[in-house]
Every structure is written in C-alpha cells, then in structure tokens.
Amino acid sequence: MIAYHQAQKSVQSVAQQVAHAADQLQLHGFDRYYNAMVGAYVSEVYKILSYRTFANNTNRAKTPLSSIEQAVMYTTLYGKNHFDRFNGAITQVLGDNQRTEPVTKTINIVDYGCGQAIASLALLSYLEQYVNCENFTLNFYLIEPSQTTLELAELLVTKMSSRIAANVTIHPYHKDLADFLKHDSEALAPADYSMHLFSNVLDIAEVQQQIPNLCSYLHNIAGKQMVIAVGPQYSSNYEGLNCLKESLSDISIKQDVADFSVESEIYSIRHNHWIHCASYGVMMGLCFENTLPDSEVQIAA
C-alpha cells in the first residue's frame, strides 16, 4: 500500500511538472519547455522508468505512448532535435524573409501522427518570428492514436498559440491515419491554404500503406495545399517521402527530397549531461492546388 501511494504521488508530481513545462512554452518558447521537461525527467521519471523499459514497451518509440512518464522520456530523448529539424525544414521551404504585412487568411494545419505536436509547435514558432498573424484564422487538426500524447499535444498547441495574435481552433482526433481517412474525409473547414505536416511518420509501414488513400484525400481538399515532410535519414523514410511525392499529381516542388542537418543542444540520458550534436534528417516540400467542381466544394463545405 505504501509503495502504491508513493507511485501515485510520483505520477502527480510528473503531471505537475509537465503542466509547468507547458507554461514555460507559453511564456518563453520551445527551448524553455524542453528544459523543463528534462527537469521532470531528471527529478522524477528516471527513478520510475528506465530506458530499457521505455524501449521495450514502446518498440523504441514506434508505437503509441501510454503514460505521461513515457511522454516526458520521449521529449527528453528526441523532442529538441525533432523541433529543430522541423523548424529548419519549414524555414528552408517557406523562407526567412522579413516579417510580413498583415493579411487576412484562413489556414488549415493538419498534423498527421502528431505525437506531442512538435511539427505544429515548430510552425507556430516560425509564424511568430516571420509572419504577422493578427488577421489569421488557424485551424489545427491533430491526428494521433495515443490519447495521452494527444491530450498533451492539444495543451501545447493551445499554449504556443497564445504567443501569436491569430484566431486559433484545435480539432483533436484520437485515431490512426487509416481511421481518420476513412471517417473524417470532410473534416477540414474551407480555407485559403491547407498545410499538411508529416514529422517522423512517413517511415512507418502502416502509414506507407495508406499513401494511396492519403493522396486521394489530399486531392479532394479545395484550394491551395502545401505538404512539408521531415524524418530521419532511414531508408524507409526516403521510400515514404518519394512514394508520397510520386503519388501526388500536378505538384510544384518547393523542396525536393534532400538531406540536411541542424545543430541541437540536448540532454543525453546515456551520459547524464547536456551535449551539443548534429541532427540529420530528410525533408520535402510540395505545393499544389485543387480546383473542385462546385458541387464537390459545396459538399466539402
């Protein structure tokens, strides 16, 4: 009984520290959020969750996470270089010009297999730095099979969104990609642009199997579309990116499949201290526009 109460107290402490980390994201941005999550790992999580247990229970983070402790460890292990990698890709695709003048736009952002919404957070960080968003409406669609991770993603996007002046709505989908494509094909609101974010998902076999359905879905969204995809330099990721590119039609390539690297300051669980390292990845940026018959646009709306 004593051990049970100690475990419950530890879980509560981790949840409180994650809430504090989310507040740091809102106040100071992603770097401070990451530092606070590392703090939660160092002070609590390492005592109750070893890396070996984490790796075994999550298939080395390839299956949906099931606890807040797993989410803290995942962020400590991978969060900073994933954020820096996607942020680097967005900057490469969209450019780092001077801050734009205010315009009125409605933009859908679909984050596929969003995890903790790190791709969406990177996009929000880019918008904060380079885009005047005071007349923007941003509709986030977060698709994630882990309920624990999805709840954290929704919290983090809410916190990060408060750093910009846009009108933001978040639509969470506790589903895998196949289920979303099957049941939510008309989910997106009418918009000037739709952005489709793929961060560390196109190397997954189950996702690659859905690429034909995914492409049909993408071509049935009215208006201008942009795909930004980033992942590790694995052979399966090259396959996923190329398959998606080749399966879409009438595209304009903003950034062809290409290797790149970014520098990150991360906490090493293995060495128990901070290290400076390069994170290597593959990126792709595609644009296309769908002109649908009036009847289809009315149905989609």
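The values are calculated or read from the model by the stated rules, or taken from the named source; none is laboratory data. None of these values were measured; they are calculated from a predicted model. We place every Cβ from the backbone using ideal geometry, glycine too, and count neighbours over all the protein chains shown. These accessible areas exclude ligands, DNA and RNA; they are computed on the full protein's heavy atoms, side chains included. Shrake-Rupley method; radii C 1.70, N 1.55, O 1.52, S 1.80 Å.
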Next on the checklist: Exactly one of these conditions fails for Ser194: (1) over 16 Å from the mean Cα position of the chain (by Cα); (2) in a strand (DSSP E or B); (3) among the hydroxyl-bearing types (Ser, Thr, Tyr). Give me its number.
Outcome noted: (1)
Checklist entry - Across region 193-218, what is the total count of residues that are touching a strand residue (DSSP E or B) at 6+ places or on another chain (Cβ under 8 Å) and over 13 Å from Gly113 (Cβ atoms)? => result 4
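Among the residues of region 129-160 satisfying the criterion of being more than 22 Å from Gln17 (Cβ to Cβ) and part of a helix (DSSP H, G or I), which is least open to solvent (accessible area, probe 1.4 Å)?
Taking region 129-160 as the starting set, the residues that turn out to be more than 22 Å from Gln17 (Cβ to Cβ) are 129-143, 145.
If we keep only those that are part of a helix (DSSP H, G or I) as well, we get 129-130.
Numbers: Gln129: 113, Tyr130: 42 Å².
So the residue we want is Tyr130.
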Checklist entry - Being more than 26 Å from Asn35 (Cβ to Cβ), acidic (Asp, Glu) and not in a helix (DSSP H, G or I), is that true of even one residue in region 88-99? => result no
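Using the structure shown, decide if Ser261 is surrounded by fewer than 16 Cβ atoms within 10 Å (Cβ to Cβ) and either on the phi > 0 side of the Ramachandran plot or not in a strand (DSSP E or B) (or both). Let's see the steps before the verdict.
Details: surrounded by fewer than 16 Cβ atoms within 10 Å (Cβ to Cβ): yes; either on the phi > 0 side of the Ramachandran plot or not in a strand (DSSP E or B) (or both): no.
Here the answer is no, as Ser261 does not meet what is asked.
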Checklist outcome for this item: Exactly one of Ala122, Ala61 is closer than 21 Å to Ser279 by Cβ and modelled with pLDDT under 95, and that residue is Ala61
Checklist entry - Regarding His174, is this residue surrounded by fewer than 17 Cβ atoms within 10 Å (Cβ to Cβ), out of contact with any Cys (no Cβ under 7 Å at 6 or more places or on another chain) and either more than 30 Å from Glu101 (Cβ to Cβ) or modelled with pLDDT of 95 or more (or both)? => result yes
